[in-house]
Amino acid sequence: MPDVSLHGNGEDCPACALRREGLREVKAMKQAVSCNFCGGTGRVGRAVREIIREAVEWAAENYWPEREARWQQPNKEAK
């Protein structure tokens, strides 16, 4: 479920953004649009597979090299 309060689990609906552009140009007060793509929420959920893939890539790039470097410190001191 695409929730605005949860970072990374959804994106803004591109169809709603296109519809709101016209409303912003005419400076309409009410910019609510009906949308079949997102159901009117303004957010589109991302696939769980995509979220996991990004998390794994981030961990391989940032977390594991730093963690492995810290694991090597005690081993070098023990020798």
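Computed values, structure above
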{"quantity": "Cβ charges +1 (Lys, Arg) and -1 (Asp, Glu), total dipole of the stretch 10-72, debye", "calculated": "440 debye"}
{"quantity": "Rel. contact order, % - alpha carbon contacts under 8 angstrom, at least six apart, the stretch 10-72", "calculated": "36 percent"}
{"quantity": "Surrounding net charge for residue 13, when Lys and Arg each add one and Asp and Glu each subtract one, Cβ distance under 13 Å", "calculated": "+1"}
{"quantity": "Cβ crowding within 10 Å averaged over residues, with 49-62, 9-22 ranked highest first", "calculated": "9-22, 49-62"}
{"quantity": "Ordering of 38-48, 63-73 by packing [mean C-beta count within 10 Å, highest first]", "calculated": "38-48, 63-73"}
{"quantity": "Charge dipole of the stretch 10-72 about the Cα centre (unit charges at C-beta), most positive-ward option of 62, 39, 10", "calculated": "39"}
{"quantity": "Under the Karplus curve 6.51 cos²θ - 1.76 cosθ + 1.60, θ = phi - 60°, whole-Hz ³J(HN,Hα) for the stretch 56-65, x wherever Gly or Pro sits", "calculated": "5, 4, 5, 5, 5, 8, 10, 7, 5, x"}
{"quantity": "Zero-based 5 Å bins, Cα pair distances in the stretch 10-72, whole percents", "calculated": "4, 16, 15, 12, 11, 8, 8, 8, 7, 5, 4, 1, 0"}
{"quantity": "Cβ-derived FRET efficiency at R0 30 Å, residue 17 paired with residue 49, nearest 0.05", "calculated": "0.75"}
{"quantity": "Residue-normalised accessible area of the stretch 10-72, expressed per residue, 1.4 Å probe, Å²", "calculated": "81 Å²"}
{"quantity": "Environment charge of residue 35, counting only residues whose C-beta is closer than 13 Å and scoring Lys/Arg +1, Asp/Glu -1", "calculated": "+2"}
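The values are calculated or read from the model by the stated rules, or taken from the named source; none is laboratory data. The shown structure was predicted, so the numbers you read here are calculated from the model rather than taken from an experiment. Glycine gets a Cβ as well: all are built from the backbone with ideal geometry, and neighbour counts include every protein chain shown. All accessible areas refer to the heavy atoms of the entire protein, side chains included, with ligands and DNA or RNA removed. Shrake-Rupley method; radii C 1.70, N 1.55, O 1.52, S 1.80 Å.
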